[in-house]
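One structure below.
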């Protein structure tokens, strides 16, 4: 990790979604990835470090990754970024699945659509957007230096579910193998749930990638 770049993980909400805060400690600029719940916790962490929130980035549009988006946007006035294929999901509780889980119905919106090849600044650093559909049509991963934030595409010893609206097991496995596993084995993977891992470990241990490549 670069000297002035920090990545913090907050495990939030009933589904223990990993919300990531990336900050350039020199410029004090930060972004938040997947604010699934507890906007106050996220905001307090930013405020405690005097980090200015520049962007709110969503790896996909499911309820457990977007629940605090609206509140965080109101507090910071930071724009919300998501892939166009998942933009409607933010507005529709049936598509983001919040209508089915017994909690608050979630409706929010995005300010900018992002796609493969885009870069998002974090102070003096750049996040590189990679399209990794399968868990949802607009799922993305974010690469920065030797680290990738992969949403619910791949986990330690697992992969994302594909039984929700727009999911595709074939597409998910293709994304993992052609967009993630082709990177250096030392790249650290930060998933949407559970502990971090590396590409090398998942090549060897992940049962869903048996026989890779």
*Out of (1) crowded, with 17+ Cβ neighbours inside 10 Å; (2) in contact (Cβ under 8 Å) with a residue 60 or more places away in the chain; (3) under 23 Å from residue 13 (Cβ atoms), the odd one out for residue 69 is which?*
(2)
*Where residues in the range 150-165 are more than 16 Å from the chain's Cα centre (by Cα) and in contact (Cβ under 8 Å) with a residue 60 or more places away in the chain, which of them is surrounded by the most Cβ atoms within 10 Å (Cβ to Cβ)?*
164
_Candidates 138, 123 - the one that is in contact (Cβ under 8 Å) with a residue 24 or more places away in the chain, farther than 17 Å from residue 34 by Cβ and crowded, with 17+ Cβ neighbours inside 10 Å_ = 123
*Qualifying position, being in contact with a helix residue (DSSP H, G or I) (Cβ under 9 Å, 6 or more places away or on another chain) and closer than 21 Å to residue 141 by Cβ, among 62, 83*: 62
_Contacts under 8 angstrom Cβ, first residue in the range 166-188 being at positive phi and at pLDDT below 95, partner surrounded by 18 or more Cβ atoms within 10 Å (Cβ to Cβ) and in a loop (DSSP other than H, G, I, E, B), 6 or more apart_ = 166/95; 166/136; 166/137
*When you scan the range 27-66, how many residues do you find that are surrounded by fewer than 19 Cβ atoms within 10 Å (Cβ to Cβ) and part of a strand (DSSP E or B)?*
1
*When you go through (1) surrounded by fewer than 18 Cβ atoms within 10 Å (Cβ to Cβ); (2) closer than 21 Å to residue 164 by Cβ; (3) touching a helix residue (DSSP H, G or I) at 6+ places or on another chain (Cβ under 6 Å) one by one for residue 101, which number turns out not to apply?*
(3)
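The values are calculated or read from the model by the stated rules, or taken from the named source; none is laboratory data. Remember, it's a predicted structure, so these values are computed and weren't measured experimentally. So basically every Cβ, Gly included, is an ideal-geometry build from the backbone, and we count neighbours across all protein chains shown.
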